[in-house]
Amino acid sequence: MERVNVVGAGLAGSEAAWTLVRLGIPVRLYEMRPLRMTPAHSTGGFAEIVCSNSLGGEGPANAKGLLQAEMRLLGSLVMEAAEGARVPAGGALAVDREAFSHRITERLGQHPLVEVVREEVAEVPEGLTVLATGPLTSEPLAEALRRRFGDHFLAYYDAASPIVLYESIDLSKCFRAGRYGQSADYLNCPLTEEEYRRFYQALLQAERHLGHDWEKLEFFEACVPVEELARRGYQTLLFGPMKPVGLKDPRTGREPFAVVQLRQEDKAGRMWSLVGFQTGLKWPEQKRLIQMIPGLEGAEIVRYGVMHRNTYLNAPRLLWETLEFRAQEGLFAAGVLAGVEGYLESAATGFLAGLNAARRALGLSPVAPPEESMLGGLVRYLATANPEGFQPMYANWGLVPPLEGRMGKKEKREAMYRRGLGAFAAWLSALRPPLPGARELAEAQGG
């Protein structure tokens, strides 16, 4: 059987390749790293995580929790690797980056149906293909897509948070806690009103990588750099990454005026990232500002925040809900390139693109999950959103049909979770040919 091309071995491409080989379809997996690196990546490993190490909140009241549950049912490689590389993060699923990437690289690299090709792809390959080149699609391939489909590309800027060494944190000035009494998996650095005022003023004056062109950029709202948030007003950070709500300093018994949270990055707990502190500031400025935070005066920064350009398709103009291009049968897009935001969402669309590429290879029509499921709601949004001003979308309860009747917010979301997971399980059970192992899991869920 002819190999299916998967371009890009990030989370979306890795999940697409895994889905294909599970159905017995040979894969040619292209990855240009490490021969050609991107501004954000540092290794040649598959599914390298470059921003936050969190795959989102867990549980039946959380939209990402439903998407995680759907992916567990389908036998996701990304979810398998995430469970094996999990680090404490309160109510969220966070991973050790290196262990996570290593697991996925090993599973795909050793699979007999996977041919790994380490080269940059400058043209859309012939034959069945999944494009999963991520937010940093190389310019030659982007130009090839423009020539083929027209100028339907949009772009936004994304930024990553700095990471500091745990041993360099002054724990006498911090406290462990989770919001509203959740497990104490976060380190919290409290600031007084005066400390916050000084930090805020220094942040406004800090030198940016892009200087005066910064204000011309468009940011995806879930990834706005902290310095851009500060420019929106004195209190913006207090309702964003520095909000103290739900956190009590055990030394005072009160909520601090402001707080900076740190989240564990690796299993050993040696590295911690500043939550919500995505930034594009120059590195000396990042160091100066971080060391203004109580408890981080001597912080050793092991990775500075970086800002990079993300490229994505105007999905409503170009893609069906099956993630197949409207203008070219047998060509699929997945991940950030397809118009989703988030690691989990990228992997989930990689699964669907891989599934449908496999179905095309087997002479079957592409399919999409039911609209009650989170993945089904997400891909329907991509295909039907207003193309004017389209921005990447992440898992949220607004993507699925609402429930009728009067009930509390938590109760309603948990009911939507059960409905969505049941619908997804029934859809998986009915798939022919079935995904190995997924049918049994889905039927158990349905029962």
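Worth pointing out:
- Residues in segment 76-104 that are among the small types (Gly, Ala, Ser), farther than 19 Å from residue 354 by Cα and either assigned to a loop (DSSP other than H, G, I, E, B) or under 15 Å from the mean Cα position of the chain (by Cα) (or both): 82, 85, 89, 90, 91, 92, 94, 101.
- Test: residue in segment 200-217 that is in a loop (DSSP other than H, G, I, E, B), open to solvent by 90 Å² or more (accessible area, probe 1.4 Å), within 20 Å of residue 285 (Cβ to Cβ) and at pLDDT 90 or above: yes
- Test: residue in segment 361-370 that is open to solvent by less than 10 Å² (accessible area, probe 1.4 Å), within 21 Å of the chain's Cα centre (by Cα) and closer than 26 Å to residue 3 by Cα: yes
- Qualifying residue in segment 230-245 (condition: buried (at least 20 other Cβ atoms within 10 Å of the Cβ), farther than 26 Å from residue 94 by Cα and not hydroxyl-bearing (Ser, Thr, Tyr)): yes
- Whichever residue in segment 155-177 is under 24 Å from the mean Cα position of the chain (by Cα), surrounded by 18 or more Cβ atoms within 10 Å (Cβ to Cβ) and of a type outside the set (D, E, K, R) and, among such residues, is nearest to residue 48 (Cα to Cα): 160
- Single condition residue 326 does not satisfy, out of (1) closer than 22 Å to residue 141 by Cα; (2) without any contact (Cβ under 8 Å) to a residue 12 or more places away in the chain; (3) of a type in the set (D, E, K, R); (4) out of contact with any helix residue (DSSP H, G or I) (no Cβ under 7 Å at 6 or more places or on another chain): (4)
A quick yes/no check of all residues on (1) at positive phi; (2) in contact (Cβ under 8 Å) with a residue 60 or more places away in the chain; (3) of a type in the set (S, T, N, Q):
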| residue | (1), (2), (3) |
| --- | --- |
| 353 | no, yes, no |
| 365 | no, no, yes |
| 379 | no, no, no |
| 386 | no, yes, yes |
| 400 | no, no, no |
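- Pick from segment 335-344, criterion in contact with a strand residue (DSSP E or B) (Cβ under 8 Å, 6 or more places away or on another chain) and assigned to a helix (DSSP H, G or I), ranking: farthest from residue 309 (Cα to Cα): 344
- Among (1) part of a loop (DSSP other than H, G, I, E, B); (2) at pLDDT 95 or above; (3) within 30 Å of residue 172 (Cα to Cα), the one test that residue 305 misses: (2)
The values are calculated or read from the model by the stated rules, or taken from the named source; none is laboratory data. Just so it is clear, the structure is predicted and the values come from calculations on it, not from any experiment. All Cβ positions, even for glycine, are placed from backbone atoms using ideal geometry, and neighbour counts span all protein chains on display. SASA here: full protein model, heavy atoms, side chains in, ligands and nucleic acids out. Shrake-Rupley method; radii C 1.70, N 1.55, O 1.52, S 1.80 Å.
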